[in-house]
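> Take a look at the following structure, please.
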Amino acid sequence: MKLQINNQVHEVDVEPEMPLLWVLRDILDLKGTKYSCGIAQCGACTVHIDGEPMRSCVLPVSSAEGKRITTIEGLSHDASHPVQQAWVKHQVPQCGYCQSGQIMTAVSLLEKISKPTDADINAAMTNICRCGTYKRIRDAIHDVAGNAPEVAKA
Amino acid sequence: MKTSNRISRRNFLLSSAAVGGGLALGFTLPASKAQAAAAAGPKRVNIWVEVAPDDSVTIKYARSEMGQGSLTSAPQIVADELDANWEQVHIAYVDVHEHILMNKAWGSMQTVGSQTIRNSQSYLRQAGATARAMLVAAAAQTWKVPASEITVKNGIVAHAASKKQSGFGALAALAATQAVPKDVPLKDPATWNIIGQSKPRVDIPASVNGTQVYGIDVSLPGMVYAAIAQSPVFGGKARGFAADSARKRRGVIDIFTIDDGASVVVVADNWWRAKNALAEVVIDWDEQGNGKADNASIRKFFEAGLTATDAAPLPNNKGDVDTAMKGAGKVLEAEYFTPYLSHSPMEPMGATVQISAAEVHVWASTQVADGLASEVAAALKLKPEVVIVHRVQAGGGFGRRGSGDFARQAALIAAKLPQGTPVKLLWSREEDTQHGMYRPLAMYKLKGALDANNNVVAWQTRIASGSLMAQRIGAPLAKGVDGMATEGFSRLPYEVANQDHSYIQRATHVPIGFWRTVGWSQTPFAREQFIDELAAAAGEDPLKFRVRHMAADELSRHILETAAKAAGWDTAPPKGVFRGIATTEPYASFTAAVVELSVNDAGVITIHRIVQAINPGYVVNPLNVRAQLEGATVWALSAAMWGEIGIERGRVKQANFHDYRVLRLKEMPKVDVVLAPTGGFWGGVGEPGQAPLIPALCNALFAATGKRYRSLPLTQHGLSLA
Ligand code: FES
Ligand code: FES
């Protein structure tokens, strides 16, 4: 089957029910998308399907056929996406493991709502971060939106 | 400090050479830069400091990085004493194999117990100062001037009188040949200019574009994947299994048991295929007599420990508690319960192992890189010298990765495959939740007495808990007492003339381990609530009551008053808002917290604000210390509200994040972190933030509701978080 990932077409020979996550990670070696729960609970595996954030651990690869798939690797070549830059500016990541998913979720939130409120952020950002970087995630999203000048305190 | 690209360059090159290229570790430099670096060759001034001809300095980092930030902050210490220019500093992991071959020259690699800074700062400062002195000696020799007239600043070595100056690069070769000076004076902390700065974390850029490499991301040519099913009942063994249909599934390579039947493993060409095939294997488990244990039977066993007569006294016992209790005005008694907890880092357990004729290669997210070599070597009956552990970032550790069980399993699996086959073992989240090294369950029985003036005159504690020392480390207990299970009671910050604390070990079949903040994650739940209960019995303000009993403990008083002041304790909170406070002394630091909340009739808690104050003696990287306290707050709130690993039919009830709930962003309260370093000592920062949080929360709940919550998690009391 043919998959369009980060503006490139990949041909894969896999079971149609294989979750997109494992096609990305183990077949195509795109390791930026992470596995953590496998049951759509944590969001570590979030990618964009036609611009919508989706949890790839429960998404059969067949349902992504013919759609635009964007992973963290496709967000920018050089970490220049404003959300990535804000993540660095606010020193968001701790272990970093959840952050591909957090960033992909935040990007699509900001694409839909350019100036999200706290309530918008609460509703969209349901990804788990076990290191507890939530405060900085919120600050970084507000910063990209131009909502609040508060920078990570030194 | 530039990019993180060079962090693992050396590892990358070594790894590539070792396994014949093709590694996809993602740390490649642009080819031209890599070649230039390799050709020019940095000079090792000492084992911590390498200087390249282009004046760039590579500082070695020995421990692990799992989000705690010391990959950046530990090298800041070396760089400061070296008077390096931080912009020219690169950071590289110490090569684990070289470390083992050199008789562990880089000290401890253990990344546990909030010790990376406090237990290495002394030799890291020495390393920087010594390298600096050798660069100065080289300059003195070259310029024929007295060393005492030479200054070093920001990476420039200079002699004012002769107007000579040089970067480190030109002096490095000669510096490396200098005699190593002894007792080089260290800087006065007042003159530090890199320590104390919020340097951006060097590993963060790779965490925002998907290039950070964790254990789970290792990819080797010809690699196969393993999924594992461990005995659902701890200690059980597979008598046998039926795998006819599983073997026929696409991609399945082999199915076998390891560890004498403790686990069943499927190896396939893809992890998802391995996992699905494993679900089809019908396993006949022998529960080894543990299949009946449950929450109730375990609780009964612990409760019996609270009244058992053979408990071991703590060394700080003093006075005569019984007599003091008899003569007291008021006597209070309370029992507290803290459950088993899982670490559940976001990266599940796993490891990649490749066994060749002469060497064993291991890639795993670990908190003890050198210990992993020993563990894998022991599993394969080899010497640690032939095991090569490669460094990767850990997707969270929190103590879980202090154990090497998963790497050991990967080695046993690799040993069953054709020689040279790299195999990546990955646990499912369910395996991770159900085969943890859990925070020990513990129960506490406290009794305290107030005299006619409301002074605490007697304090009795009975602690019934598992013993990490005996059950995890396998070391004997000193006079029957486990030091970690009794943290917080082995030295009360409160002056009490008569004290009687005792410990009794309660070992069950549930494996226990070091869970972030260890004993300090649970003993304050009892201690800091009980002192509040005494204050309430005395009819006094909980802050003033504590302070009144802390006359001799200046640092405890200082942090408590710092937190209280930041929270505005002296001014009443708005109507319907209540405060709770607690103080602790974990990991050689001092931490105190104030929680401000309200509770509605339905038991929904709204946390308005949390103040977290820490005195770690010195703060190396303020930004990172703040991040650690924010994270520790989230960690503690997750445990307080939902954290519980329950046992049913000998096995863990919870399986994944749907029934092992953790805090999410919408529940994140406002946290004000107060850094209050006094200097004079070095304390940890990764774990201490959690210690006072849960008791402060429960004390606030008492203020709001008049009810004491003496067992966790709080959801079991019908409470929830807004
Ligand atoms: S791994 Fe997909 S949501 Fe957790
Ligand atoms: S940064 Fe570690 S899990 Fe989010």
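> Being crowded, with 21+ Cβ neighbours inside 10 Å and of a type in the set (Gly, Ala, Ser) is the filter here; which residues of segment B:263-293 pass it?
B:Ser263, B:Ala268, B:Ala274, B:Ala277, B:Ala293
> Sticking with this one: Return yes when B:Asp322 is assigned by TED's automatic domain parsing to the domain that holds B:Met641, farther than 30 Å from B:His717 by Cβ and away from ligand 1 (no atom under 16 Å from the Cβ) and no when it is not.
Judged against the criteria, B:Asp322 is a match.
Residues are listed down the side, and each one gets a yes or a no for (1) within 13 Å of the chain's Cα centre (by Cα); (2) away from ligand 1 (no atom under 16 Å from the Cβ):
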position: A:Cys45; (1), (2): yes, no
position: A:Ser56; (1), (2): yes, no
position: A:Ser63; (1), (2): no, no
position: A:Lys67; (1), (2): no, yes
position: A:Ser80; (1), (2): no, yes
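> So A:Gly32 ticks every box in (1) within 12 Å of ligand 1 (Cβ to nearest atom); (2) buried (at least 23 other Cβ atoms within 10 Å of the Cβ) but one. Which box is left unticked?
The one condition A:Gly32 does not meet is (1).
> If you don't mind, another one. Exactly one of these conditions fails for B:Ala377: (1) under 27 Å from the mean Cα position of the chain (by Cα); (2) over 20 Å from B:Thr523 (Cβ atoms); (3) surrounded by fewer than 24 Cβ atoms within 10 Å (Cβ to Cβ); (4) touching a residue at least 40 places away in the same chain (Cβ under 8 Å). Give me its number.
So the condition that B:Ala377 fails would be (4).
> Only one residue in B:Ala414, B:Ala470 is touching a residue at least 24 places away in the same chain (Cβ under 8 Å), surrounded by 24 or more Cβ atoms within 10 Å (Cβ to Cβ) and in contact with a strand residue (DSSP E or B) (Cβ under 8 Å, 6 or more places away or on another chain). Which one?
The match here is B:Ala414.
> All but one of (1) more than 16 Å from ligand 2 (Cβ to nearest atom); (2) surrounded by fewer than 20 Cβ atoms within 10 Å (Cβ to Cβ); (3) not in a loop (DSSP other than H, G, I, E, B) hold for A:Val88, so report the exception by its number.
(1)
> Considering every residue within segment A:123-138, establish whether at least one is within 16 Å of ligand 1 (Cβ to nearest atom), under 16 Å from B:Leu665 (Cβ atoms), more than 12 Å from every other protein chain (Cβ to nearest Cβ) and in contact with a Pro (Cβ under 9 Å, 6 or more places away or on another chain).
Checked segment A:123-138: no residue is within 16 Å of ligand 1 (Cβ to nearest atom), under 16 Å from B:Leu665 (Cβ atoms), more than 12 Å from every other protein chain (Cβ to nearest Cβ) and in contact with a Pro (Cβ under 9 Å, 6 or more places away or on another chain).
> Suppose we keep only residues that are surrounded by 21 or more Cβ atoms within 10 Å (Cβ to Cβ) and part of a helix (DSSP H, G or I) within segment B:385-404. Which one would you say is farthest from ligand 1 (Cβ to nearest atom)?
Restricting to residues being surrounded by 21 or more Cβ atoms within 10 Å (Cβ to Cβ) and part of a helix (DSSP H, G or I), the top hit is B:Gly402.
> In the list B:Lys424, B:Lys445, which residue meets the criterion of being surrounded by fewer than 21 Cβ atoms within 10 Å (Cβ to Cβ), touching a residue at least 40 places away in the same chain (Cβ under 8 Å) and within 28 Å of B:Arg651 (Cα to Cα)?
So the residue among B:Lys424, B:Lys445 that is surrounded by fewer than 21 Cβ atoms within 10 Å (Cβ to Cβ), touching a residue at least 40 places away in the same chain (Cβ under 8 Å) and within 28 Å of B:Arg651 (Cα to Cα) is B:Lys445.
> Return only the number of the condition from (1) within 16 Å of ligand 1 (Cβ to nearest atom); (2) closer than 23 Å to B:Trp635 by Cα; (3) within 9 Å of another protein chain (Cβ to nearest Cβ); (4) in contact with a helix residue (DSSP H, G or I) (Cβ under 9 Å, 6 or more places away or on another chain) that A:Thr71 does not satisfy.
Every condition holds for A:Thr71 apart from (2).
> Sticking with this structure for a sec: Checking B:Val321 against (1) surrounded by 15 or more Cβ atoms within 10 Å (Cβ to Cβ); (2) under 30 Å from B:Trp642 (Cα atoms); (3) out of contact with any Leu (no Cβ under 7 Å at 6 or more places or on another chain), which single condition isn't satisfied?
Going through (1) surrounded by 15 or more Cβ atoms within 10 Å (Cβ to Cβ); (2) under 30 Å from B:Trp642 (Cα atoms); (3) out of contact with any Leu (no Cβ under 7 Å at 6 or more places or on another chain) one by one, B:Val321 breaks only (2).
> Restrict the check to segment B:214-224 and report whether at least one residue is away from every other protein chain (no Cβ under 14 Å) and outside any loop (DSSP other than H, G, I, E, B).
Scanning segment B:214-224 turns up no residue that is away from every other protein chain (no Cβ under 14 Å) and outside any loop (DSSP other than H, G, I, E, B).
> A follow-up question, please. Of the numbered conditions (1) without any contact (Cβ under 8 Å) to a residue 12 or more places away in the chain; (2) within 16 Å of ligand 2 (Cβ to nearest atom); (3) more than 20 Å from B:Lys670 (Cα to Cα), A:Cys95 fails exactly one; give the number of that condition.
Unmet for A:Cys95, out of (1) without any contact (Cβ under 8 Å) to a residue 12 or more places away in the chain; (2) within 16 Å of ligand 2 (Cβ to nearest atom); (3) more than 20 Å from B:Lys670 (Cα to Cα): (1).
Results for (1) assigned to a strand (DSSP E or B); (2) surrounded by 12 or more Cβ atoms within 10 Å (Cβ to Cβ); (3) out of contact with any Asp or Glu (no Cβ under 9 Å at 6 or more places or on another chain), shown as yes or no for each residue.
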position	(1), (2), (3)
B:Val152	yes, yes, no
B:Ala161	no, no, no
B:Gln165	yes, yes, yes
B:Ala170	no, yes, no
B:Ala175	no, yes, yes
B:Ala179	no, no, yes
B:Asp183	no, no, yes
B:Leu186	no, yes, no
B:Ala190	no, no, yes
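> Restricting to segment A:34-66, what's the tally of residues that are in a loop (DSSP other than H, G, I, E, B) and either more than 7 Å from every other protein chain (Cβ to nearest Cβ) or within 14 Å of ligand 2 (Cβ to nearest atom) (or both)?
15
> Picking from B:Glu495, B:Glu540, B:Glu487, which residue would you name as being in a loop (DSSP other than H, G, I, E, B), surrounded by 23 or more Cβ atoms within 10 Å (Cβ to Cβ) and of a type in the set (Asp, Glu)?
Going through B:Glu495, B:Glu540, B:Glu487 in turn, the sole match is B:Glu487.
> Of everything in segment A:67-79, what is more than 16 Å from ligand 2 (Cβ to nearest atom) and at pLDDT 95 or above? Give them in sequence order.
Of everything in segment A:67-79, those that are more than 16 Å from ligand 2 (Cβ to nearest atom) and at pLDDT 95 or above turn out to be A:Lys67, A:Arg68, A:Ile69, A:Thr70, A:Thr71, A:Glu73, A:Gly74, A:Leu75.
> Does at least one position in segment B:644-665 carry a residue that is of a type in the set (Asp, Glu), out of contact with any Leu (no Cβ under 8 Å at 6 or more places or on another chain), assigned to a strand (DSSP E or B) and at negative phi?
Checking segment B:644-665: at least one residue is of a type in the set (Asp, Glu), out of contact with any Leu (no Cβ under 8 Å at 6 or more places or on another chain), assigned to a strand (DSSP E or B) and at negative phi.
Results for (1) within 30 Å of B:Gly289 (Cα to Cα); (2) polar (S, T, N, Q); (3) surrounded by fewer than 24 Cβ atoms within 10 Å (Cβ to Cβ); (4) assigned by TED's automatic domain parsing to the domain that holds B:Lys416, shown as yes or no for each residue.
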residue: B:Arg201; (1), (2), (3), (4): no, no, no, no
residue: B:Pro221; (1), (2), (3), (4): no, no, yes, yes
residue: B:Tyr225; (1), (2), (3), (4): no, no, no, yes
residue: B:Ile228; (1), (2), (3), (4): yes, no, no, yes
residue: B:Phe234; (1), (2), (3), (4): yes, no, yes, yes
residue: B:Lys237; (1), (2), (3), (4): yes, no, yes, yes
residue: B:Gly240; (1), (2), (3), (4): yes, no, yes, yes
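The rows are residues; the columns are (1) in a loop (DSSP other than H, G, I, E, B); (2) farther than 30 Å from B:Ile216 by Cβ; (3) touching a helix residue (DSSP H, G or I) at 6+ places or on another chain (Cβ under 7 Å).
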{"site": "B:Ala277", "(1), (2), (3)": "no, no, yes"}
{"site": "B:Asn290", "(1), (2), (3)": "yes, yes, no"}
{"site": "B:Ala293", "(1), (2), (3)": "yes, yes, no"}
{"site": "B:Lys300", "(1), (2), (3)": "no, yes, no"}
{"site": "B:Leu306", "(1), (2), (3)": "no, yes, no"}
{"site": "B:Asn316", "(1), (2), (3)": "yes, yes, no"}
{"site": "B:Asp322", "(1), (2), (3)": "no, yes, no"}
{"site": "B:Ala328", "(1), (2), (3)": "yes, yes, no"}
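> Another one. Could you list, in sequence order, the residues of segment A:97-114 that are assigned to a loop (DSSP other than H, G, I, E, B) and either surrounded by 21 or more Cβ atoms within 10 Å (Cβ to Cβ) or within 16 Å of ligand 1 (Cβ to nearest atom) (or both)?
Hits for segment A:97-114 are A:Tyr97, A:Cys98.
> Does B:Gly251 fit the bill of being away from chain A (no Cβ under 11 Å) and surrounded by fewer than 20 Cβ atoms within 10 Å (Cβ to Cβ)?
When the stated conditions are applied, B:Gly251 does not pass them.
The values are calculated or read from the model by the stated rules, or taken from the named source; none is laboratory data. The structure presented is a predicted model; accordingly, all values stated were derived computationally and were not measured. Neighbour counts are summed over all protein chains in view; Cβ atoms, including those assigned to glycine, are modelled from backbone coordinates with ideal geometry.
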